[in-house]
Amino acid sequence: MGVDVHEEWTDQLSEYLDDELDAAGREAVEQHLRGCADCRAVLNDLKRVVAQAQTIPPSPLQADLWDGVAAGIQGTGRKGAGVDAAHPSTPVPFRRRFTFTVPQLAAAAVVLMAVSAGIAWQIADRSAQRAQSTVAAGGTRTDNGADVTTAPVVALERDTPAGASIVQVAYADAQYDAAVADLEKALKQGRGRLDASTIAIVEHNLQIIDQAIAQAREALSADPANSYLSGHLVEARRRKLDLLRRATALTSDTN
Amino acid sequence: MTLGGETSIQARTGDPDVALAAAGDTSAFERLYRTHVVRIHNLTRRMLGGQEADEVTQDIFVRTWQKLGQFRGESAFSTWLHRLAINVVIERRRSFAIQRERMSDDAAALDGLSVKPARADLTVDMEHAIDQLPPGAREIFVLHDVEGYKHREIAAMLGIATGTSKRQLHRARMLLREYLSGG
Ligand SMILES: [Zn+2]
(Lines give C-alpha, C1' and ligand atoms only; values in the text may rest on other atoms or scores of the structure.)
Protein backbone atom coordinates (compact mmCIF):
# COMPACT_ATOMS: atom_id res chain seq x y z
CA MET A 1 0.00 0.00 0.00
CA GLY A 2 2.99 2.24 0.62
CA VAL A 3 3.53 2.24 -3.09
CA ASP A 4 0.23 3.96 -3.70
CA VAL A 5 0.90 6.65 -1.14
CA HIS A 6 4.26 7.37 -2.70
CA GLU A 7 3.26 6.98 -6.31
CA GLU A 8 4.30 10.46 -7.28
CA TRP A 9 7.78 9.49 -6.16
CA THR A 10 7.92 5.91 -7.32
CA ASP A 11 6.83 7.11 -10.75
CA GLN A 12 10.06 9.03 -10.97
CA LEU A 13 12.33 6.25 -9.82
CA SER A 14 13.07 4.80 -13.25
CA GLU A 15 14.07 8.19 -14.55
CA TYR A 16 16.11 8.71 -11.41
CA LEU A 17 17.80 5.36 -11.89
CA ASP A 18 18.54 6.14 -15.54
CA ASP A 19 19.79 9.61 -14.69
CA GLU A 20 17.12 11.19 -16.83
CA LEU A 21 16.01 13.81 -14.29
CA ASP A 22 17.28 17.34 -14.21
CA ALA A 23 19.28 18.50 -11.22
CA ALA A 24 16.27 19.84 -9.33
CA GLY A 25 14.23 16.72 -9.96
CA ARG A 26 17.08 14.50 -8.87
CA GLU A 27 17.58 16.50 -5.70
CA ALA A 28 13.88 16.30 -4.86
CA VAL A 29 13.82 12.52 -5.32
CA GLU A 30 16.95 12.10 -3.24
CA GLN A 31 15.50 14.15 -0.47
CA HIS A 32 12.38 12.00 -0.44
CA LEU A 33 14.44 8.81 -0.57
CA ARG A 34 16.41 9.85 2.50
CA GLY A 35 13.24 9.87 4.53
CA CYS A 36 11.33 7.03 2.89
CA ALA A 37 12.29 3.41 3.31
CA ASP A 38 9.42 2.24 1.08
CA CYS A 39 10.67 4.17 -1.91
CA ARG A 40 14.25 3.09 -1.22
CA ALA A 41 13.05 -0.50 -1.33
CA VAL A 42 11.28 0.09 -4.64
CA LEU A 43 14.42 1.69 -6.04
CA ASN A 44 16.47 -1.33 -5.00
CA ASP A 45 13.99 -3.66 -6.64
CA LEU A 46 14.11 -1.65 -9.84
CA LYS A 47 17.89 -1.80 -9.81
CA ARG A 48 17.64 -5.57 -9.51
CA VAL A 49 15.22 -5.78 -12.42
CA VAL A 50 17.52 -3.69 -14.60
CA ALA A 51 20.59 -5.66 -13.57
CA GLN A 52 18.85 -8.92 -14.44
CA ALA A 53 17.70 -7.58 -17.78
CA GLN A 54 21.22 -6.48 -18.64
CA THR A 55 22.71 -9.85 -17.83
CA ILE A 56 20.04 -12.09 -19.26
CA PRO A 57 21.94 -14.78 -21.14
CA PRO A 58 21.16 -15.68 -24.73
CA SER A 59 19.15 -18.83 -25.07
CA PRO A 60 19.72 -21.21 -27.94
CA LEU A 61 17.16 -21.91 -30.61
CA GLN A 62 14.91 -24.90 -30.28
CA ALA A 63 15.03 -25.58 -33.98
CA ASP A 64 17.28 -24.81 -36.91
CA LEU A 65 15.51 -22.17 -38.93
CA TRP A 66 17.91 -22.12 -41.84
CA ASP A 67 15.85 -24.34 -44.13
CA GLY A 68 12.98 -21.88 -43.99
CA VAL A 69 15.32 -18.99 -44.68
CA ALA A 70 16.91 -20.86 -47.57
CA ALA A 71 13.48 -21.57 -49.01
CA GLY A 72 12.64 -17.91 -48.61
CA ILE A 73 15.65 -16.59 -50.43
CA GLN A 74 15.21 -18.87 -53.42
CA GLY A 75 13.51 -17.10 -56.24
CA THR A 76 14.55 -13.66 -55.15
CA GLY A 77 16.54 -13.44 -58.34
CA ARG A 78 19.64 -12.65 -56.39
CA LYS A 79 21.40 -15.91 -56.94
CA GLY A 80 24.45 -15.25 -59.01
CA ALA A 81 25.86 -11.94 -60.08
CA GLY A 82 24.46 -9.31 -62.34
CA VAL A 83 21.33 -8.58 -60.38
CA ASP A 84 20.76 -5.21 -58.88
CA ALA A 85 20.82 -6.29 -55.28
CA ALA A 86 19.67 -2.96 -53.96
CA HIS A 87 16.32 -3.39 -55.61
CA PRO A 88 15.10 -6.89 -55.13
CA SER A 89 11.72 -6.51 -56.64
CA THR A 90 10.52 -10.09 -56.87
CA PRO A 91 8.33 -11.02 -53.95
CA VAL A 92 9.50 -14.13 -52.20
CA PRO A 93 7.03 -17.00 -52.44
CA PHE A 94 8.07 -18.18 -48.99
CA ARG A 95 6.89 -14.93 -47.50
CA ARG A 96 3.38 -15.38 -48.74
CA ARG A 97 2.42 -16.99 -45.50
CA PHE A 98 3.53 -13.92 -43.59
CA THR A 99 1.85 -11.36 -45.71
CA PHE A 100 -1.52 -11.80 -44.16
CA THR A 101 -3.58 -8.71 -44.18
CA VAL A 102 -6.77 -10.52 -43.36
CA PRO A 103 -8.25 -9.08 -40.18
CA GLN A 104 -9.14 -12.58 -39.09
CA LEU A 105 -5.50 -13.34 -38.71
CA ALA A 106 -4.92 -10.36 -36.53
CA ALA A 107 -7.55 -11.65 -34.20
CA ALA A 108 -6.04 -15.09 -34.27
CA ALA A 109 -2.65 -13.71 -33.44
CA VAL A 110 -4.06 -11.84 -30.50
CA VAL A 111 -4.92 -15.13 -29.00
CA LEU A 112 -1.35 -16.27 -29.31
CA MET A 113 -0.21 -13.46 -27.12
CA ALA A 114 -2.74 -14.07 -24.46
CA VAL A 115 -2.60 -15.74 -21.13
CA SER A 116 0.83 -17.10 -20.30
CA ALA A 117 3.66 -18.64 -22.20
CA GLY A 118 5.70 -21.56 -21.04
CA ILE A 119 2.87 -23.97 -20.82
CA ALA A 120 3.35 -27.39 -22.23
CA TRP A 121 0.21 -29.04 -23.31
CA GLN A 122 -0.91 -32.37 -24.20
CA ILE A 123 -4.36 -33.25 -25.18
CA ALA A 124 -5.03 -36.77 -24.18
CA ASP A 125 -6.64 -39.35 -26.30
CA ARG A 126 -10.22 -39.23 -25.23
CA SER A 127 -10.52 -42.88 -24.32
CA ALA A 128 -7.32 -42.78 -22.34
CA GLN A 129 -8.31 -39.76 -20.37
CA ARG A 130 -11.77 -41.11 -19.76
CA ALA A 131 -10.11 -44.08 -18.17
CA GLN A 132 -7.69 -42.25 -15.98
CA SER A 133 -9.24 -38.83 -15.56
CA THR A 134 -5.99 -37.23 -14.60
CA VAL A 135 -4.78 -33.71 -14.35
CA ALA A 136 -1.09 -33.50 -13.66
CA ALA A 137 -0.93 -29.98 -12.37
CA GLY A 138 -3.44 -27.37 -11.48
CA GLY A 139 -6.07 -30.05 -11.20
CA THR A 140 -9.26 -28.60 -10.00
CA ARG A 141 -12.47 -29.66 -8.53
CA THR A 142 -15.26 -27.28 -7.93
CA ASP A 143 -16.92 -27.20 -4.57
CA ASN A 144 -20.18 -28.28 -5.99
CA GLY A 145 -18.61 -31.55 -6.88
CA ALA A 146 -18.27 -31.02 -10.60
CA ASP A 147 -15.17 -32.87 -11.59
CA VAL A 148 -13.23 -30.62 -13.88
CA THR A 149 -10.64 -33.30 -14.43
CA THR A 150 -12.89 -34.92 -16.99
CA ALA A 151 -11.59 -32.30 -19.38
CA PRO A 152 -8.77 -33.64 -21.50
CA VAL A 153 -6.29 -31.19 -20.10
CA VAL A 154 -3.46 -33.26 -18.96
CA ALA A 155 -0.14 -31.65 -18.32
CA LEU A 156 0.70 -28.16 -17.28
CA GLU A 157 4.32 -27.32 -16.67
CA ARG A 158 4.96 -23.75 -15.84
CA ASP A 159 8.71 -23.81 -16.01
CA THR A 160 9.13 -24.97 -19.54
CA PRO A 161 11.12 -22.39 -21.50
CA ALA A 162 8.86 -20.15 -23.52
CA GLY A 163 7.81 -21.62 -26.77
CA ALA A 164 9.23 -25.02 -26.02
CA SER A 165 7.52 -28.35 -26.23
CA ILE A 166 4.11 -27.28 -27.20
CA VAL A 167 2.58 -30.48 -28.32
CA GLN A 168 0.11 -29.64 -30.99
CA VAL A 169 -2.32 -32.43 -31.28
CA ALA A 170 -4.92 -32.63 -33.95
CA TYR A 171 -7.72 -33.63 -31.70
CA ALA A 172 -11.18 -34.33 -32.84
CA ASP A 173 -13.82 -31.66 -32.67
CA ALA A 174 -16.12 -33.78 -30.55
CA GLN A 175 -13.42 -34.36 -28.02
CA TYR A 176 -12.55 -30.72 -27.81
CA ASP A 177 -16.17 -29.63 -27.65
CA ALA A 178 -16.84 -32.04 -24.82
CA ALA A 179 -13.93 -30.64 -22.84
CA VAL A 180 -15.06 -27.10 -23.39
CA ALA A 181 -18.61 -27.98 -22.43
CA ASP A 182 -17.43 -29.64 -19.21
CA LEU A 183 -15.40 -26.63 -18.23
CA GLU A 184 -18.08 -24.16 -19.19
CA LYS A 185 -20.50 -26.03 -17.00
CA ALA A 186 -18.11 -26.07 -14.07
CA LEU A 187 -17.40 -22.39 -14.53
CA LYS A 188 -21.07 -21.58 -14.62
CA GLN A 189 -21.61 -23.46 -11.39
CA GLY A 190 -18.69 -21.81 -9.66
CA ARG A 191 -19.38 -18.37 -11.04
CA GLY A 192 -20.76 -17.08 -7.76
CA ARG A 193 -17.35 -17.45 -6.21
CA LEU A 194 -15.67 -15.03 -8.60
CA ASP A 195 -15.70 -11.30 -8.21
CA ALA A 196 -17.26 -9.18 -10.90
CA SER A 197 -13.97 -7.97 -12.37
CA THR A 198 -12.65 -11.50 -12.73
CA ILE A 199 -15.84 -12.58 -14.44
CA ALA A 200 -15.57 -9.61 -16.75
CA ILE A 201 -11.99 -10.47 -17.64
CA VAL A 202 -12.79 -14.10 -18.27
CA GLU A 203 -15.84 -13.34 -20.36
CA HIS A 204 -14.09 -10.66 -22.32
CA ASN A 205 -11.24 -13.01 -23.12
CA LEU A 206 -13.53 -15.85 -24.01
CA GLN A 207 -15.36 -13.59 -26.37
CA ILE A 208 -12.15 -12.57 -28.10
CA ILE A 209 -10.96 -16.16 -28.31
CA ASP A 210 -14.27 -17.38 -29.67
CA GLN A 211 -14.16 -14.66 -32.26
CA ALA A 212 -10.61 -15.62 -33.16
CA ILE A 213 -11.59 -19.27 -33.48
CA ALA A 214 -14.52 -18.41 -35.71
CA GLN A 215 -12.42 -16.14 -37.87
CA ALA A 216 -9.55 -18.58 -38.14
CA ARG A 217 -12.04 -21.23 -39.23
CA GLU A 218 -13.47 -18.92 -41.81
CA ALA A 219 -10.05 -18.05 -43.16
CA LEU A 220 -9.14 -21.73 -43.21
CA SER A 221 -12.19 -22.63 -45.22
CA ALA A 222 -10.91 -20.27 -47.89
CA ASP A 223 -7.37 -21.58 -47.63
CA PRO A 224 -7.49 -25.09 -46.13
CA ALA A 225 -3.87 -25.93 -46.83
CA ASN A 226 -2.55 -22.95 -44.92
CA SER A 227 -0.54 -24.43 -42.08
CA TYR A 228 -0.05 -21.05 -40.49
CA LEU A 229 -3.80 -20.66 -40.19
CA SER A 230 -4.38 -24.13 -38.90
CA GLY A 231 -1.65 -23.56 -36.34
CA HIS A 232 -3.51 -20.49 -35.22
CA LEU A 233 -6.71 -22.38 -34.94
CA VAL A 234 -5.15 -25.10 -32.83
CA GLU A 235 -3.54 -22.44 -30.71
CA ALA A 236 -6.76 -20.49 -30.27
CA ARG A 237 -8.60 -23.60 -29.21
CA ARG A 238 -5.82 -24.45 -26.83
CA ARG A 239 -6.07 -20.96 -25.36
CA LYS A 240 -9.74 -21.37 -24.85
CA LEU A 241 -9.26 -24.59 -22.93
CA ASP A 242 -6.50 -23.00 -20.91
CA LEU A 243 -8.54 -19.96 -20.08
CA LEU A 244 -11.54 -22.04 -19.09
CA ARG A 245 -9.40 -24.31 -16.99
CA ARG A 246 -7.79 -21.42 -15.20
CA ALA A 247 -11.03 -19.63 -14.67
CA THR A 248 -12.57 -22.77 -13.27
CA ALA A 249 -9.59 -23.22 -11.00
CA LEU A 250 -10.21 -19.74 -9.66
CA THR A 251 -13.71 -20.67 -8.63
CA SER A 252 -12.22 -23.10 -6.16
CA ASP A 253 -9.08 -21.10 -5.28
CA THR A 254 -10.79 -17.95 -4.24
CA ASN A 255 -12.81 -19.53 -1.55
CA MET B 1 23.06 1.02 -56.89
CA THR B 2 24.99 -1.64 -58.70
CA LEU B 3 27.27 -4.38 -57.64
CA GLY B 4 30.15 -1.98 -57.79
CA GLY B 5 29.49 -1.15 -54.16
CA GLU B 6 30.54 -4.56 -52.90
CA THR B 7 34.22 -4.11 -52.64
CA SER B 8 33.78 -1.01 -50.57
CA ILE B 9 31.41 -2.84 -48.26
CA GLN B 10 34.05 -5.44 -47.73
CA ALA B 11 36.71 -2.85 -47.21
CA ARG B 12 34.62 -1.08 -44.62
CA THR B 13 33.20 -4.01 -42.71
CA GLY B 14 36.14 -6.33 -42.95
CA ASP B 15 33.69 -9.23 -43.25
CA PRO B 16 34.03 -10.84 -46.65
CA ASP B 17 30.83 -12.84 -46.09
CA VAL B 18 28.77 -9.67 -46.13
CA ALA B 19 30.04 -8.72 -49.57
CA LEU B 20 29.84 -12.28 -50.82
CA ALA B 21 26.27 -12.62 -49.64
CA ALA B 22 25.40 -9.29 -51.20
CA ALA B 23 26.70 -10.69 -54.46
CA GLY B 24 24.40 -13.70 -54.21
CA ASP B 25 26.54 -16.26 -52.39
CA THR B 26 24.06 -18.23 -50.30
CA SER B 27 26.79 -20.15 -48.46
CA ALA B 28 28.24 -16.88 -47.27
CA PHE B 29 24.77 -15.81 -46.26
CA GLU B 30 24.26 -19.00 -44.32
CA ARG B 31 27.46 -18.27 -42.40
CA LEU B 32 26.13 -14.81 -41.58
CA TYR B 33 22.87 -16.35 -40.52
CA ARG B 34 24.62 -18.79 -38.18
CA THR B 35 26.70 -16.04 -36.65
CA HIS B 36 23.76 -13.80 -35.88
CA VAL B 37 20.67 -15.95 -35.56
CA VAL B 38 20.75 -16.49 -31.81
CA ARG B 39 20.89 -12.80 -31.04
CA ILE B 40 18.16 -11.98 -33.54
CA HIS B 41 15.95 -14.81 -32.32
CA ASN B 42 16.39 -13.73 -28.70
CA LEU B 43 15.45 -10.18 -29.60
CA THR B 44 12.44 -11.32 -31.56
CA ARG B 45 11.25 -13.77 -28.96
CA ARG B 46 11.52 -11.26 -26.16
CA MET B 47 9.79 -8.52 -28.09
CA LEU B 48 6.99 -10.57 -29.61
CA GLY B 49 6.70 -13.66 -27.46
CA GLY B 50 7.78 -17.20 -28.15
CA GLN B 51 5.00 -18.21 -30.50
CA GLU B 52 5.99 -15.99 -33.37
CA ALA B 53 9.73 -15.81 -32.88
CA ASP B 54 10.72 -18.56 -35.32
CA GLU B 55 8.69 -17.24 -38.21
CA VAL B 56 9.62 -13.65 -37.65
CA THR B 57 13.28 -14.58 -37.38
CA GLN B 58 13.08 -16.34 -40.74
CA ASP B 59 11.31 -13.35 -42.18
CA ILE B 60 14.05 -11.07 -40.87
CA PHE B 61 16.79 -13.09 -42.55
CA VAL B 62 14.90 -13.26 -45.82
CA ARG B 63 14.56 -9.50 -45.76
CA THR B 64 18.19 -9.15 -44.81
CA TRP B 65 19.08 -11.11 -47.92
CA GLN B 66 16.87 -8.89 -50.01
CA LYS B 67 18.27 -5.70 -48.56
CA LEU B 68 21.92 -6.57 -48.34
CA GLY B 69 22.57 -4.46 -51.38
CA GLN B 70 21.47 -1.43 -49.40
CA PHE B 71 24.00 -2.05 -46.68
CA ARG B 72 26.65 0.60 -47.05
CA GLY B 73 28.95 -0.40 -44.23
CA GLU B 74 28.34 2.82 -42.37
CA SER B 75 27.79 0.81 -39.23
CA ALA B 76 28.79 -2.70 -38.30
CA PHE B 77 26.78 -5.34 -40.12
CA SER B 78 25.47 -6.62 -36.78
CA THR B 79 24.14 -3.16 -35.90
CA TRP B 80 22.48 -2.79 -39.28
CA LEU B 81 20.94 -6.25 -39.03
CA HIS B 82 19.71 -5.54 -35.53
CA ARG B 83 17.94 -2.39 -36.65
CA LEU B 84 16.41 -4.18 -39.59
CA ALA B 85 15.17 -6.87 -37.19
CA ILE B 86 13.60 -4.31 -34.89
CA ASN B 87 11.85 -2.70 -37.83
CA VAL B 88 10.39 -6.01 -38.91
CA VAL B 89 9.22 -6.72 -35.37
CA ILE B 90 7.66 -3.30 -35.04
CA GLU B 91 5.94 -3.61 -38.38
CA ARG B 92 4.62 -7.01 -37.42
CA ARG B 93 3.38 -5.78 -34.11
CA ARG B 94 1.72 -2.67 -35.48
CA SER B 95 -0.74 -4.66 -37.49
CA PHE B 96 -2.06 -6.24 -34.34
CA ALA B 97 -1.34 -3.45 -31.90
CA ILE B 98 -4.78 -2.54 -30.70
CA GLN B 99 -6.26 -5.96 -30.18
CA ARG B 100 -3.13 -7.27 -28.63
CA GLU B 101 -2.81 -4.53 -26.10
CA ARG B 102 -6.38 -4.98 -25.08
CA MET B 103 -6.05 -8.70 -24.82
CA SER B 104 -2.81 -8.91 -22.96
CA ASP B 105 -3.71 -6.29 -20.41
CA ASP B 106 -6.62 -8.48 -19.54
CA ALA B 107 -4.46 -11.54 -19.57
CA ALA B 108 -1.95 -9.88 -17.29
CA ALA B 109 -4.74 -9.00 -14.91
CA LEU B 110 -5.88 -12.59 -14.96
CA ASP B 111 -2.35 -13.77 -14.32
CA GLY B 112 -2.23 -11.62 -11.24
CA LEU B 113 -4.97 -13.80 -9.86
CA SER B 114 -3.35 -17.07 -10.66
CA VAL B 115 -0.40 -19.09 -9.56
CA LYS B 116 3.00 -17.47 -9.52
CA PRO B 117 5.74 -19.46 -11.17
CA ALA B 118 8.37 -21.31 -9.20
CA ARG B 119 11.37 -19.20 -8.39
CA ALA B 120 14.07 -21.77 -8.81
CA ASP B 121 15.85 -20.13 -11.68
CA LEU B 122 15.99 -16.37 -11.95
CA THR B 123 16.93 -16.45 -15.60
CA VAL B 124 13.96 -18.53 -16.58
CA ASP B 125 11.89 -16.29 -14.38
CA MET B 126 13.09 -13.18 -16.15
CA GLU B 127 12.38 -14.63 -19.59
CA HIS B 128 8.99 -15.77 -18.45
CA ALA B 129 8.27 -12.48 -16.76
CA ILE B 130 9.16 -10.47 -19.86
CA ASP B 131 6.85 -12.67 -21.84
CA GLN B 132 3.99 -11.75 -19.56
CA LEU B 133 4.35 -8.00 -20.00
CA PRO B 134 1.79 -6.10 -22.04
CA PRO B 135 3.34 -5.73 -25.51
CA GLY B 136 3.82 -1.96 -25.43
CA ALA B 137 5.70 -2.09 -22.17
CA ARG B 138 7.51 -5.24 -23.17
CA GLU B 139 9.09 -4.00 -26.35
CA ILE B 140 10.31 -0.83 -24.73
CA PHE B 141 11.72 -2.77 -21.80
CA VAL B 142 13.52 -5.14 -24.16
CA LEU B 143 14.88 -2.33 -26.29
CA HIS B 144 16.00 -0.20 -23.35
CA ASP B 145 17.06 -2.54 -20.58
CA VAL B 146 18.00 -5.68 -22.50
CA GLU B 147 19.30 -4.20 -25.75
CA GLY B 148 20.60 -0.92 -24.41
CA TYR B 149 18.87 1.57 -26.68
CA LYS B 150 18.20 5.12 -25.43
CA HIS B 151 14.70 6.53 -25.07
CA ARG B 152 15.48 8.93 -27.88
CA GLU B 153 16.31 6.06 -30.23
CA ILE B 154 13.35 3.98 -29.11
CA ALA B 155 11.00 6.90 -29.58
CA ALA B 156 12.30 7.36 -33.12
CA MET B 157 12.00 3.68 -33.96
CA LEU B 158 8.51 3.32 -32.60
CA GLY B 159 7.22 6.72 -33.63
CA ILE B 160 6.27 7.69 -30.08
CA ALA B 161 7.21 10.50 -27.69
CA THR B 162 10.20 9.95 -25.42
CA GLY B 163 7.87 10.57 -22.49
CA THR B 164 5.77 7.61 -23.58
CA SER B 165 8.86 5.47 -23.86
CA LYS B 166 9.88 6.46 -20.33
CA ARG B 167 6.46 5.78 -18.89
CA GLN B 168 6.19 2.37 -20.54
CA LEU B 169 9.66 1.43 -19.36
CA HIS B 170 8.76 2.33 -15.80
CA ARG B 171 5.50 0.44 -16.09
CA ALA B 172 7.36 -2.63 -17.34
CA ARG B 173 9.93 -2.46 -14.57
CA MET B 174 7.28 -2.08 -11.90
CA LEU B 175 5.37 -5.08 -13.27
CA LEU B 176 8.54 -7.15 -13.41
CA ARG B 177 9.47 -6.10 -9.91
CA GLU B 178 6.15 -7.35 -8.68
CA TYR B 179 6.36 -10.51 -10.69
CA LEU B 180 9.92 -11.37 -9.75
CA SER B 181 9.43 -10.67 -6.08
CA GLY B 182 7.06 -13.60 -6.17
CA GLY B 183 4.02 -12.14 -4.42
ZN1 LIG C 1 8.22 7.28 -0.58
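Just checking, does region A:236-244 include any residue being more than 17 Å from the chain's Cα centre (by Cα), surrounded by 16 or more Cβ atoms within 10 Å (Cβ to Cβ) and at pLDDT below 75? Within region A:236-244, none of the residues are more than 17 Å from the chain's Cα centre (by Cα), surrounded by 16 or more Cβ atoms within 10 Å (Cβ to Cβ) and at pLDDT below 75.
Residue by residue, here is whether (1) basic (Lys, Arg); (2) farther than 20 Å from residue A:61 by Cβ; (3) open to solvent by less than 50 Å² (accessible area, probe 1.4 Å); (4) modelled with pLDDT under 90 holds:
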{"site": "B:1", "(1), (2), (3), (4)": "no, yes, no, yes"}
{"site": "B:24", "(1), (2), (3), (4)": "no, yes, yes, no"}
{"site": "B:54", "(1), (2), (3), (4)": "no, no, no, no"}
{"site": "B:66", "(1), (2), (3), (4)": "no, yes, yes, no"}
{"site": "B:76", "(1), (2), (3), (4)": "no, yes, no, no"}
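When A:42, A:29 are checked against the criterion of being among the β-branched types (Val, Ile, Thr) and over 30 Å from residue B:50 (Cα atoms), A:29 stands alone in meeting it. Taking the criterion of being over 24 Å from residue A:183 (Cα atoms) and either acidic (Asp, Glu) or at pLDDT below 70 (or both), the only residue of region A:208-221 that qualifies is A:218. Evaluating residue A:47 against the criteria (1) more than 10 Å from every other protein chain (Cβ to nearest Cβ); (2) modelled with pLDDT of 95 or more; (3) surrounded by fewer than 15 Cβ atoms within 10 Å (Cβ to Cβ) leaves one unmet condition, (1). Among the residues of region A:1-19, those identified as of a type outside the set (A, V, I, L, M, F, W, C) and either open to solvent by 70 Å² or more (accessible area, probe 1.4 Å) or modelled with pLDDT of 95 or more (or both) are A:4, A:7, A:8, A:11, A:12, A:14, A:15, A:16, A:18, A:19.
Listed here are the residues, each with its yes/no results for (1) within 11 Å of chain A (Cβ to nearest Cβ); (2) open to solvent by less than 10 Å² (accessible area, probe 1.4 Å); (3) modelled with pLDDT of 95 or more; (4) part of a helix (DSSP H, G or I).
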| site | (1), (2), (3), (4) |
| --- | --- |
| B:124 | yes, no, no, yes |
| B:130 | yes, yes, no, yes |
| B:139 | no, no, no, yes |
| B:145 | yes, yes, yes, yes |
| B:163 | yes, no, yes, yes |
| B:167 | yes, no, yes, yes |
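The values are calculated or read from the model by the stated rules, or taken from the named source; none is laboratory data. Keep in mind that this is a model prediction, so the values were computed, not measured. Positions of Cβ are generated from backbone atoms using ideal geometry, with glycine treated the same way; all protein chains shown enter the neighbour counts. The area values use the complete protein model at the heavy-atom level, side chains included, leaving out ligands, DNA and RNA. Shrake-Rupley method; radii C 1.70, N 1.55, O 1.52, S 1.80 Å.
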